[in-house]
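What follows is one structure encoded as structure tokens, with my remarks underneath.
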Amino acid sequence: MSAAFGLTVVTMVYAIGHISGCHLNPAASIGLWAGGRFSGKQVLPYIVSQVLGVVGGGALFLIASGKPGFSVARGFASNGFGEHSPGGYSLLSALLAEVVITMMFLLVILRSTDRRVPEGFAPLAIGLCLTLIHLISIPVTNTSVNPARSTGVALYVGGWAVSQLWLFWVAPILGAVLGAAAYKAVGSSKQVQSPAEKPEFRQADVARAG
């Protein structure tokens, strides 16, 4: 399962990264904005699109429901803490885990897409990082890192999954902002590489280079 998440990101970044930047994740969009790599005007439209995309992914629910004995009461891979954590981890443990792993995820995203890094390898670094994150944190929270992913399954499960959903928005976003702060602290690149960047940023870089 962990490898599936990582490989999905690798292939999607190569497929649509040149179109939208392939954020797929509200925390990533906010972290890229906080790191000075994404326009603030585009954050909300991206988040809305990400959430709608995941909620509308009912095909996965239909596939899963085709298995005999399937029931959303078993969690449907929803994120949770306390009795709904796969390993029974507490609210505090879940909070710290999601903050730290999302912080590291954003740091990898920002550093691997920095203009000073060789091009073409960022999708691999990001996908491998996400695979590692899932290997580490599935026993703790079922791994969120992505508030949109958490929202999609929580709405199908309802009940406890919806009541605990707040944590899986707050923690990843906080972690993303901390990751952006760490990126800036160790020396950031001001060039935005997403195709969604503002044209004037590119023009400014060209003027400085001339």
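The values are calculated or read from the model by the stated rules, or taken from the named source; none is laboratory data. Small disclaimer: the values here were computed from a predicted structure and weren't measured. Note that each Cβ is placed from the backbone with ideal geometry, even for glycine, and that neighbours are counted across all protein chains shown.
This table checks each residue for (1) of a type outside the set (D, E, K, R); (2) more than 17 Å from Leu178 (Cα to Cα); (3) modelled with pLDDT of 85 or more.
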{"position": "Leu62", "(1), (2), (3)": "yes, yes, no"}
{"position": "Ser65", "(1), (2), (3)": "yes, yes, no"}
{"position": "Gly69", "(1), (2), (3)": "yes, yes, no"}
{"position": "Val72", "(1), (2), (3)": "yes, yes, no"}
{"position": "Ser78", "(1), (2), (3)": "yes, yes, yes"}
{"position": "Leu95", "(1), (2), (3)": "yes, no, yes"}
{"position": "Arg115", "(1), (2), (3)": "no, yes, yes"}
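Looking only at residues of segment 158-210 that are polar (S, T, N, Q) and at pLDDT 95 or above, we find that the one that is surrounded by the fewest Cβ atoms within 10 Å (Cβ to Cβ) is Ser163. When residues in segment 88-129 are screened for being free of Cβ contacts under 8 Å to residues at least 12 places away in the same chain and among the acidic types (Asp, Glu), 1 of them pass. Within segment 8-41, the set of residues being touching a Ser or Thr at 6+ places or on another chain (Cβ under 8 Å) and not small (Gly, Ala, Ser) comprises His23, Leu32, Trp33, Arg37, Phe38. Can you name every residue in segment 14-27 that is surrounded by 22 or more Cβ atoms within 10 Å (Cβ to Cβ) and in a helix (DSSP H, G or I)? Correct list: Pro26, Ala27. Note on segment 28-47: among residues that are over 14 Å from the mean Cα position of the chain (by Cα) and part of a helix (DSSP H, G or I), the one that is surrounded by the most Cβ atoms within 10 Å (Cβ to Cβ) is Ala34. Candidates in segment 74-110 are the residues that are assigned to a loop (DSSP other than H, G, I, E, B) and hydrophobic (A, V, I, L, M, F, W, C); of these, the one that is nearest to the chain's Cα centre (by Cα) is Ala77. Taking the criterion of being surrounded by 17 or more Cβ atoms within 10 Å (Cβ to Cβ) and part of a helix (DSSP H, G or I), the residues of segment 113-124 that qualify are Ala122, Pro123.
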